[in-house]
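Worksheet: the structure to be examined is printed underneath.
The values are calculated or read from the model by the stated rules, or taken from the named source; none is laboratory data. Given the structure is predicted, the values throughout are model-derived calculations rather than measurements. Here Cβ is always computed from backbone atoms with ideal geometry, including for glycine, and neighbour counts include all displayed protein chains.
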Amino acid sequence: MLQTTNDRINQILYILLQNNKKITIKELAAKLNISKRTIRKDLKELQNYLAEENITLIIKPGAGVWLEIDNLNLSSLQNKFLNIFENNKQLGPEQRQYNILKKIIDKKNYTVNKLAENLCVSNATIYKDLKRIENLIDKYNLELIKDNHKLKIEGREKDWRKFTAELLVSFKNQNILSDLFNQDNNSSRIDSEVFNSLIQLFDDIEIKNLIKTLESILDEVESETNYLFTDQTFTGLIIHIAIGIERLKDNNSVFMNKEIIDKLKEKKEYQIASFIADKIKEKLNINIPNSETAYMCLHILGSKSLENIDQNNLDHLLSAVEPQIISLAENIIEMAEDILDVKLKDDKKLLTGLVLHLRPAVNRLKYGLSLRNPILNNIKENYPNVFGAAWAASILFEETLGIQIKEEEVGFIALHLGAALERKNENMKLLLVCGSGIGTAQLLSSKLNENFANIEISDSIAMHKLKKYDLKNIDLIISTVPINSLDKPYLQVNPLLLEEDIKSVKNKLNNLIPKNNKVQTKTFNDNIFNKNLIFLDLDFKSKNDLLKYLCKQLTKQKIVKKGFFDSVQQREKLTSTEIINGLAIPHGDKKYVLKSKIAVARLEKPIQWSENKSRSINFVFLLALKNREKAKEFFIIFNQIVRNQKFLDKILKAKSAEQIFKLLSSK
């Protein structure tokens, strides 16, 4: 295929083919945001390259630049180059990397040269993409092999499948496939983009029929076993079974210890998995090995099913759940109470909701499965303090079950805690103060009722009436104009109640939970902060370098022992520890901690912490904590930081480690 090895020159050729008319050097420079001198240099190189293809590029000062080519050859060239360039060159780096992954997974023996030609970019660009892909798959314990310049991914089958399943979701999020198919899938319970992702990933005509057959099998499961799947679970099972069958075609089967299989056979979910395996044999003539049936069982165990919850009979529902799960839920609630300073133990809905979530969650975590949380970022942004409290609960999983949890699971726990806080806000009485008239008050009232279910707007008044108004039964004043000193809590918002105003109101309401719902904040004797472990304006370009430095300081001061840094790295590999507002809370395994302390780092320039490039971190708490009490101590302080922007600003602007130490110790 006609293609140069320079991305920018490819773009110039693309523009010339697309327009098929004269274009000036000035216009080209503007389109590519480079100098006219660079354009002239690139045009000369392109002219020489095209000459080898018997194509003439005219460069005429004052007149412009164009291809001298007859219509027949132009049409042939466009068909050969332009359409592929249209589909590939317009992809951003992340989308191009997903495209590369798909091609490697297809096992079409792609080389770097072939990828560069196919995607209309240079070899250098492909090598950069491959480096990022190596970093991505490393999180799944997979390795990119360049065997005789051919590319393939190797690793344990279980890790390969986990990676492939999550890649399918990434395909959907990147909207790579939105225009590639016109499959009518309206009658399906599977998301149409996930459906198309499976087809595109395996590039197999038979996969369409396979998916449809699997759907009918799961429908039979529900009708014959009375085990009802959520739509998310239904789609997840289709993905995992389809991937498994495609892998079995190449003799790639999951290995599972016989002892684990025997234990799983005792569970009702194994009988459901066996039912599915038998139906696959019957309808597709594909034998499913015991290990694959057991693996299917794990996915069912780790998934949510639809259950009718009778709120009047919660005790009966809880009696059917393992005591260990109930105990874990109760401990999470107790820890959240202390951190958020709110009574939650009397909320039976919270306990039941957590138990029903934890039952499949523990199975997922035990067997290394994952559940995507599509609203994780929204949870972080709207409930930063609750998300922090949920993070603290992660130490309970490690203490009681010996397992680590990912931020997606933390997000689900935060959802349950956030809902409980909302219930505490029931009948919170608000007074609206407006300076622009009745219309503004009505608009604001409507917006508040739309976004907050458990509030009562007592009245709407003009500013001049506020002084004489009886505020005895008012919990919060929300005003569209500034208010001078006032005994009652108040918040100024935009009359349109913008997104940031909604967040402010939410946080304010959570802070104003009635006193009888508060718990006594505990005091701690041994300070977890140390002036010698607070480092200001550090200049590091990567997360790894920063963490290595902080771990070294902790080791020097005999806070942790050898192995702590590796455990911190493993934790980061498992999941991002970025929270919100530029804050991150990395932490390591408590078995390497000699005494509980926290290293604090403020960065001179923000650094990227996770794959989400839109977010960066400038303040880090590296936690070296031995037990849940110390974790609770930190998160009580952390809760105050994320709830109070002014307090956070003081920390970010502090001129010395001494100042930061005093600020943190005062909370």
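Side notes on the structure shown:
- Any chance Lys591 is over 25 Å from Ile379 (Cα atoms) and surrounded by 15 or more Cβ atoms within 10 Å (Cβ to Cβ): no
- Condition check for Val642 on (1) assigned to a helix (DSSP H, G or I); (2) in contact with a Pro (Cβ under 9 Å, 6 or more places away or on another chain); (3) over 18 Å from Met335 (Cβ atoms); (4) not small (Gly, Ala, Ser): one failure, at (3).
- Number of residues in region 207-244 that are closer than 15 Å to Glu282 by Cβ and touching a helix residue (DSSP H, G or I) at 6+ places or on another chain (Cβ under 7 Å): the value is 8.
- Contacts under 6 angstrom Cβ, first residue in region 443-467 being closer than 19 Å to Lys488 by Cα, partner of a type in the set (Gly, Ala, Ser), 6 or more apart: Ile457/Ser445; Ser460/Ala441; Met463/Gly435
- Residue pairs meeting the criteria (Cβ under 9 Å; at least 6 apart or on separate chains; first touching a residue at least 60 places away in the same chain (Cβ under 8 Å) and farther than 16 Å from Lys562 by Cα, in region 584-604; second acidic (Asp, Glu) and not in a strand (DSSP E or B)): Leu603/Asp539; Glu604/Asp539
- Residue check for Asp566: outside the structural domain of Glu399 (by TED's automatic domain parsing) and assigned to a strand (DSSP E or B): no
- Some residue of region 265-286 being closer than 21 Å to Leu401 by Cβ, at pLDDT 80 or above and not in a helix (DSSP H, G or I): yes
- The listed residue being at pLDDT 85 or above, surrounded by fewer than 14 Cβ atoms within 10 Å (Cβ to Cβ) and touching a helix residue (DSSP H, G or I) at 6+ places or on another chain (Cβ under 7 Å), out of Lys26, Lys31, Lys44: Lys26
- Taken as a whole, region 487-495 holds at least one residue that is farther than 29 Å from Ile339 by Cβ, modelled with pLDDT under 90 and in a loop (DSSP other than H, G, I, E, B).
- Single residue of region 118-168 satisfying the filter (basic (Lys, Arg) and outside any helix (DSSP H, G or I)) that is nearest to His299 (Cα to Cα): Arg156
- In region 587-599 there is at least one residue that is β-branched (Val, Ile, Thr) and within 30 Å of Lys343 (Cβ to Cβ).
- Hey, Asn525 within 19 Å of Pro384 (Cβ to Cβ) and at pLDDT below 80 or not: no
- Residue in region 658-667 that is aromatic (Phe, Trp, Tyr) and modelled with pLDDT under 95 present: yes
Results for (1) at pLDDT 75 or above; (2) of a type in the set (A, V, I, L, M, F, W, C), shown as yes or no for each residue.
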| position | (1), (2) |
| --- | --- |
| Asn79 | no, no |
| Phe85 | no, yes |
| Gly92 | no, no |
| Asn99 | yes, no |
| Glu117 | no, no |
| Asn123 | yes, no |
| Leu130 | yes, yes |
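- Residue within region 256-269 that is touching a residue at least 60 places away in the same chain (Cβ under 8 Å) and surrounded by 14 or more Cβ atoms within 10 Å (Cβ to Cβ) present: no
- Scanning region 618-633 for residues that are part of a helix (DSSP H, G or I) and touching a helix residue (DSSP H, G or I) at 6+ places or on another chain (Cβ under 8 Å) yields Arg628, Ala631, Lys632.
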